[in-house]
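K.L.:
Quick one: this structure, given as structure tokens, is what I'll be asking you about.
The values are calculated or read from the model by the stated rules, or taken from the named source; none is laboratory data. Small disclaimer: the values here were computed from a predicted structure and weren't measured. FYI the Cβ positions are ideal-geometry reconstructions off the backbone, even for glycines, and counts take in every protein chain you see.
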């Protein structure tokens, strides 16, 4: 297995040149594998797995049947290599990824309601108040209703 | 509620008492009580638990010989002759269901809900219309009475829509309550219900005439209390309708009361429509300040919002009615409110500042001017505590130019009898001749006018009026327009003088609009001459009255808010307006510094340099004295808006910033200060008559000015900052005052 990896790497260097190869290596997150074991494990896991689909954020969904422990045969490689979290998986892929359905996200996207279906947004907790969703009645919601029961006098109206 | 009690008694099995007596007998140990004879003796008694009259009513026997005894459900009660069966039942503690009967209106007897059984009477009798006779045996919980009520209820519900879920009366509806208590649990009616076209009664009263059960309370109220012949009944049987005959609005200033007396949801409040349910509301018993009568009201609030205002019973002041201005001014409390301290900058714009900065600037400017250049004017809605604090503060600053707007430049505060209603409002009912001098009670004090109307109806009292042309809702002789007529009466040349001198209890009412006249002392001396010659003031009767205009006036004069010099405004450099909007500031020097402390952005703020927000009457505890000299207190119903504070607290804080700390920190402290100045202001809910009469007044050398009296109130619906901010009042003045 190791020899195939080395072989394909050498092939890629030969075809595209060393500079392009190194850039891709970085973009694909192979450099992050050194400090991030989870990513390394995912990369290793990816070898020989089937790429089922890629969502619109660039997350890659893999499946490997046979020779894999049941329940660990579907996984995602996040497009974001450094600050990834589970909320980056959009709703349509969530079901496939968690074995709720065998339909892939691309198939389920057909069912998305046109009129009121909204874009998936990851959970931005901890990223600052302006990124966080606040419900309609929340104090920090910018469109919050004015609940004051009186109308103040406006000094500009005078004179 | 009493009705529920009766209902539960009706439902209770008959043998309940006999079984309980059986239980009792086994417990009793005394042998004499165990004997069967004693048990038989006691048998009628346990059936009668001690009863208290409905609503804690007391029976007043004008003549002890006239007392008669009747039996209500076997329970003997003593009542005065002339009472109806229904009233006798109330004294006995039995609440009879009723729709058309109202204790303050004439008896119609057309709803038939009050049917009771009377022994030896072949049919059930309508108790509201039947006079009680000695020895009458009235039965209110027999099967006959029960069946009669059930039948009446079924007929009433035949044409009453089942729209309680969308009806504003829901939850406080007599029909709803009584159909629960006395109605059948099912109806047999399958046909179509009748429907009636809604009438337009103006911007205050909403009508859903399909709900009307033709009790005619509103018709009787309009003609008997409000004194307008606007409402009437048209048609017969199922075609019967309440209406105005021709398309017109109800032009009474008491029209809002038909909402209260309507037992169903046919007449409801238009501004309150679909706003709240009565069980969501918190009631606060307080006082109205829109006029000088001080009507007792209940402010119903939900959270921080005043939802509606209802009258409260006070026999001495407003009975159970209130004027439309009182009832519907509440939306003014939510508009044009001052909620932050503001300072006018160099560019002429107001800028919101903190309390600390605002008070610091006011204190600094107050120290820069000479003491005699400081003046303070209390507004017409000020409470006594704030006026006391204002006067104390300005006195410490060295100025004694404090007054209350509406009392004129030289008010006469020395003799209390010179500015209050000495007869008292309820005392007006004994009068037989009225002389109204420069006052139009119909717009100045509606509840006083309602009393006069009641007296005119009951005693055929004669009313003479001197003043500009105006509408009265009772027969009134227009004697003249100016003080010359007054002089003629005083000299006995006028025919009305004989009416006064022949009267048993004559009443003279002078309007507070006269205070603004230059020759007011002369007018008062002429009036006193009439009073002396006509024997108006006697030891047993004081008929010489002044009808004040504003809620603050009486307390202001009691506290001695009198300016030192009458033209102090011409040279003032520092003016403290405590809610005063109607002061004429034209003569004020241009460089004067004006502090406006108030709750509404009204006329007063336009020249102000500093605005200090204050709380309105619904948001503070304060003492107000009404025109008859009865001190009453308001209670806070809702929280104040924004950063506003009570008037007296602001002045107390300002005094500390200015280095002249006032010695009180609490309402209790300020009231004990008031006790030294005017102890009667602490006798809450008790009328304090004036001690000294007019005879102590010095001789008047002023000459009468023949100029006509002016009307003191131009627009009944808009007289103060609250009512001027109100949208409902604006609608009323647009549609109801149209000539």
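K.L.:
Identify the single condition in (1) more than 14 Å from chain A (Cβ to nearest Cβ); (2) more than 19 Å from residue B:640 (Cα to Cα); (3) in contact with a strand residue (DSSP E or B) (Cβ under 9 Å, 6 or more places away or on another chain); (4) not in a helix (DSSP H, G or I) that residue B:414 does not satisfy, given that it satisfies every other one.
P.N.:
Going through (1) more than 14 Å from chain A (Cβ to nearest Cβ); (2) more than 19 Å from residue B:640 (Cα to Cα); (3) in contact with a strand residue (DSSP E or B) (Cβ under 9 Å, 6 or more places away or on another chain); (4) not in a helix (DSSP H, G or I) one by one, residue B:414 breaks only (3).
K.L.:
So, residue A:65, is that one farther than 25 Å from residue A:86 by Cβ and surrounded by fewer than 12 Cβ atoms within 10 Å (Cβ to Cβ) or not?
P.N.:
For residue A:65, the condition - farther than 25 Å from residue A:86 by Cβ and surrounded by fewer than 12 Cβ atoms within 10 Å (Cβ to Cβ) - is not met.
K.L.:
Test of understanding: among B:322, B:309, B:317, which residue is away from chain A (no Cβ under 14 Å) and touching a helix residue (DSSP H, G or I) at 6+ places or on another chain (Cβ under 6 Å)?
P.N.:
Residue meeting the stated conditions: B:309.
K.L.:
For region B:397-407, indicate whether the set of residues that are modelled with pLDDT under 95, assigned to a strand (DSSP E or B), more than 14 Å from every other protein chain (Cβ to nearest Cβ) and farther than 17 Å from residue B:555 by Cβ is non-empty.
P.N.:
No, the conditions are met nowhere in region B:397-407.
K.L.:
Identify, please: which residue in region A:134-153 is assigned to a loop (DSSP other than H, G, I, E, B) and within 14 Å of chain B (Cβ to nearest Cβ) and is, among those, surrounded by the fewest Cβ atoms within 10 Å (Cβ to Cβ)?
P.N.:
Among residues in region A:134-153 that are assigned to a loop (DSSP other than H, G, I, E, B) and within 14 Å of chain B (Cβ to nearest Cβ), the one surrounded by the fewest Cβ atoms within 10 Å (Cβ to Cβ) is A:146.
K.L.:
When you check residue B:554 against the structure, is it buried (at least 17 other Cβ atoms within 10 Å of the Cβ) and more than 13 Å from residue B:437 (Cα to Cα), yes or no?
P.N.:
Against the criterion (buried (at least 17 other Cβ atoms within 10 Å of the Cβ) and more than 13 Å from residue B:437 (Cα to Cα)), residue B:554 qualifies.
K.L.:
Tell me which residues, restricted to region B:99-125, are buried (at least 21 other Cβ atoms within 10 Å of the Cβ), without any contact (Cβ under 8 Å) to a residue 40 or more places away in the chain and assigned to a loop (DSSP other than H, G, I, E, B).
P.N.:
B:101, B:114, B:124 - these are the residues of region B:99-125 that are buried (at least 21 other Cβ atoms within 10 Å of the Cβ), without any contact (Cβ under 8 Å) to a residue 40 or more places away in the chain and assigned to a loop (DSSP other than H, G, I, E, B).
K.L.:
Quick check, is residue B:550 over 30 Å from residue B:399 (Cβ atoms) and touching a strand residue (DSSP E or B) at 6+ places or on another chain (Cβ under 8 Å)?
P.N.:
No, not satisfied.
K.L.:
In region A:103-159, what count of residues is obtained for those that are touching a strand residue (DSSP E or B) at 6+ places or on another chain (Cβ under 9 Å) and either more than 27 Å from residue A:55 (Cβ to Cβ) or in contact (Cβ under 8 Å) with a residue 60 or more places away in the chain (or both)?
P.N.:
Adding up the residues that qualify gives 8.
K.L.:
Run down B:356, B:349 and say which single residue is under 30 Å from residue A:150 (Cβ atoms) and within 14 Å of chain A (Cβ to nearest Cβ).
P.N.:
B:349
K.L.:
Restricting to region B:568-584, and then to whatever is within 36 Å of the chain's Cα centre (by Cα) and surrounded by fewer than 18 Cβ atoms within 10 Å (Cβ to Cβ), can you tell me which residue is nearest to residue B:398 (Cα to Cα)?
P.N.:
Across region B:568-584, the extreme among qualifying residues is B:584.
K.L.:
Sticking with this structure for a sec: Of all the residues that make up region B:325-346, how many are facing another protein chain (nearest Cβ under 9 Å) and touching a residue at least 40 places away in the same chain (Cβ under 8 Å)?
P.N.:
Here the count works out to 9.
K.L.:
Check region A:122-133 and report whether any residue there is modelled with pLDDT of 85 or more, surrounded by 13 or more Cβ atoms within 10 Å (Cβ to Cβ), away from chain B (no Cβ under 14 Å) and within 25 Å of residue A:65 (Cα to Cα).
P.N.:
The answer is no; no qualifying residue exists.
K.L.:
Follow-up. Looking only at region B:225-263, count how many residues are out of contact with any helix residue (DSSP H, G or I) (no Cβ under 7 Å at 6 or more places or on another chain), outside any loop (DSSP other than H, G, I, E, B) and under 18 Å from residue B:108 (Cβ atoms).
P.N.:
5
K.L.:
Taking the condition of being touching a helix residue (DSSP H, G or I) at 6+ places or on another chain (Cβ under 7 Å) and either closer than 22 Å to residue B:528 by Cβ or free of Cβ contacts under 8 Å to residues at least 24 places away in the same chain (or both), how many residues in region B:440-460 meet it?
P.N.:
Count: 3.
K.L.:
Hey, among A:53, A:48, A:58, which residue is assigned to a loop (DSSP other than H, G, I, E, B), in contact (Cβ under 8 Å) with a residue 12 or more places away in the chain and closer than 22 Å to residue A:99 by Cβ?
P.N.:
A:48
K.L.:
Failed condition for residue A:100, given (1) within 14 Å of another protein chain (Cβ to nearest Cβ); (2) touching a helix residue (DSSP H, G or I) at 6+ places or on another chain (Cβ under 8 Å); (3) at pLDDT 85 or above; (4) surrounded by fewer than 14 Cβ atoms within 10 Å (Cβ to Cβ), with all others met?
P.N.:
All conditions are met except number (1).
K.L.:
Please verify whether residue B:292 is more than 14 Å from every other protein chain (Cβ to nearest Cβ) and within 21 Å of residue B:656 (Cβ to Cβ), treating the condition exactly as stated.
P.N.:
When the stated conditions are applied, residue B:292 does not pass them.
K.L.:
On to the next question. In the set B:293, B:289, B:362, which member is out of contact with any strand residue (DSSP E or B) (no Cβ under 7 Å at 6 or more places or on another chain) and more than 28 Å from residue A:146 (Cβ to Cβ)?
P.N.:
B:293
For (1) crowded, with 24+ Cβ neighbours inside 10 Å; (2) over 19 Å from the mean Cα position of the chain (by Cα); (3) within 30 Å of residue B:498 (Cα to Cα), each residue gets a yes or a no:
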position: B:373; (1), (2), (3): no, yes, no
position: B:389; (1), (2), (3): yes, yes, no
position: B:395; (1), (2), (3): no, yes, no
position: B:402; (1), (2), (3): yes, yes, no
position: B:413; (1), (2), (3): no, yes, no
position: B:425; (1), (2), (3): yes, no, yes
position: B:435; (1), (2), (3): yes, yes, yes
position: B:445; (1), (2), (3): yes, no, yes
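K.L.:
Quick test of your reading of the structure: residue B:320 fulfils all but one of (1) within 28 Å of residue B:712 (Cα to Cα); (2) out of contact with any strand residue (DSSP E or B) (no Cβ under 9 Å at 6 or more places or on another chain); (3) surrounded by fewer than 20 Cβ atoms within 10 Å (Cβ to Cβ). Name the failing condition by number.
P.N.:
With respect to (1) within 28 Å of residue B:712 (Cα to Cα); (2) out of contact with any strand residue (DSSP E or B) (no Cβ under 9 Å at 6 or more places or on another chain); (3) surrounded by fewer than 20 Cβ atoms within 10 Å (Cβ to Cβ), residue B:320 is out only on (2).
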